[in-house]
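> Got a structure for you, questions after.
Only the coordinates and a few stated rules stand behind these numbers; no lab work does. All figures in this text were calculated on a predicted structure; none of them were measured in a lab. Every residue, glycine among them, receives a Cβ derived from its backbone with ideal geometry; neighbour counts consider all protein chains shown.
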Amino acid sequence: MLKPVIYALKRRVHNYPALYSVLFNLVTLNFEYFRLQFGKQHYPSSFGGLWTDRDDFYNKLRKRQFKGAINEGRFDQLQSWHTDGFVVLKGAIEPELIDTYSTELAALKAQNPSPLAVTSLSLPELVPYTPERVAQNLSVRTVDDYFHSEASRRVLFHRSIVEFLQIVFEAQPVLTQSLNFEMGSEQEVHQDTAFVTMTSPLKFAGVWIALEDVQPGSGELVYFPGSHRWPDYLF
């Protein structure tokens with residue numbers, strides 16, 4: 001009974017391009033964009049950001065703490081996130097799980113052919129993993145190994161990571177990519193916003209998981225504290 005009515009309406013709309021255009025724009029309207037435009041005076045970036053970027057962040061943080069939504073430990077972590085642009089979750093993932101993941105990854109690399117794909121600064125696109133390719137190219141990164149490793153999924157979706165990101169994003173985080181480095185990339189300091197584009201600006205976070213002990217000079221991640229609040233630079 002309802003189907004003929006729906007089909008008739010669809011035919012009517014398609015016969016009037018102007019009406020179709022108006023309805024299409026309404027359906028695909030980015031309400032998040034307009035919300036950010038009205039409230040962007042609260043952010044250091046003209047593109048808006050997360051609630052942790054707002055100039056009234058501490059008021060919002062204390063309200064959440066007062067309501068019992070955030071405990072003291074999480075309060076300190078969010079302060080660091082707001083001020084420095086990062087937070088260190090020490091011992092967030094069990095060493096046994098890290099070992100299991102490393103063992104699974106080594107087994108996947110040992111297969112011939114390996115199901116893994118890699119990329120690097122000297123490779124123009126994704127290519128199959130081979131030991132020779134790793135030896136010949138600087139900064140080889142295994143891409144999205146969670147498709148093949150159950151332990152990888154357990155690490156990437158670990159509760160300690162997801163719960164923190166849920167608070168920051170005020171939504172369920174979505175994994176977009178994973179990279180596993182055998183060696184540090186030795187890349188120049190750069191902004192990932194130039195390489196990773198998102199539909200909603202500044203709604204992206206990177207998670208670095210150390211699979212071994214880290215010390216200066218061991219290929220550790222480098223970050224400038226507070227650089228997330230620097231002025232916008234359009235590439």
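> So who's got an amide H within less than 5 Å of the one on Leu116, skipping anything under 5 residues away but keeping other chains? H placed 1.01 Å off N, in plane.
Amide H neighbours of Leu116: Tyr129.
> Let me ask you something else. Do any trypsin sites (Lys or Arg not before Pro) in region 75-184 lie in a loop, going by DSSP, with at most 13 other beta-carbon atoms within 10 Å of their beta carbon, and if so which?
For trypsin sites (Lys or Arg not before Pro) across region 75-184 that sit outside H, G, I, E and B with at most 13 neighbouring Cβ atoms in 10 Å, the list reads Lys90.
> Under 15 Å Cα to Cα from Lys60, which aspartates and glutamates show up? Leave out anything in the same chain fewer than 8 places away.
Straight-distance partners of Lys60: Glu72, Asp76, Glu170.
> Taking the number of other C-beta atoms within 10 Å as the exposure measure, put Val196, Val168, Val134, Val118 in order starting with the fewest.
If I rank by nearby Cβ atoms, fewest first, I get Val196, Val134, Val168, Val118.
> Among Ser122, Ser200, rank each residue by its count of other Cβ atoms within 10 Å, from fewest to most, as a rough exposure measure.
Ser122, Ser200
> Could you tell me how far the Cα centroid of region 153-175 sits from the Cα centroid of region 76-125, in Å?
If we compute the Cα centre of each part, the gap is 14 Å.
> Just how many % of Cα pairs in region 95-212 lie over 22 Å apart, if you round to the nearest whole percent?
For region 95-212, the fraction of Cα-Cα distances above 22 Å is 40 percent.
> While we're looking at this one, here's another question. With +1 on each Lys and Arg Cβ and -1 on each Asp and Glu Cβ, and nothing else charged, work out how big the dipole of region 95-212 is about its Cα centre, in Debye to the nearest 20.
Dipole magnitude for region 95-212 comes out near 220 debye.
> Whole-Å semi-axes of region 68-152's equivalent ellipsoid, largest first, each the root of 5 times a Cα gyration tensor eigenvalue?
Three semi-axes, in Å: 35, 18, 10.
> Can you list the equivalent-ellipsoid semi-axes of region 168-235, largest first and in whole Å, using the square root of 5 times each Cα gyration tensor eigenvalue?
23, 17, 12
> Ranked by Cβ crowding within 10 angstrom, fewest neighbours first, how are Thr103, Thr199 ordered?
Ascending number of Cβ neighbours within 10 Å: Thr199, Thr103.
> A further question on this structure: Please report the orientation-averaged projected area of region 31-190, defined via the convex hull of its C-alpha atoms, in nm².
12.2 nm²
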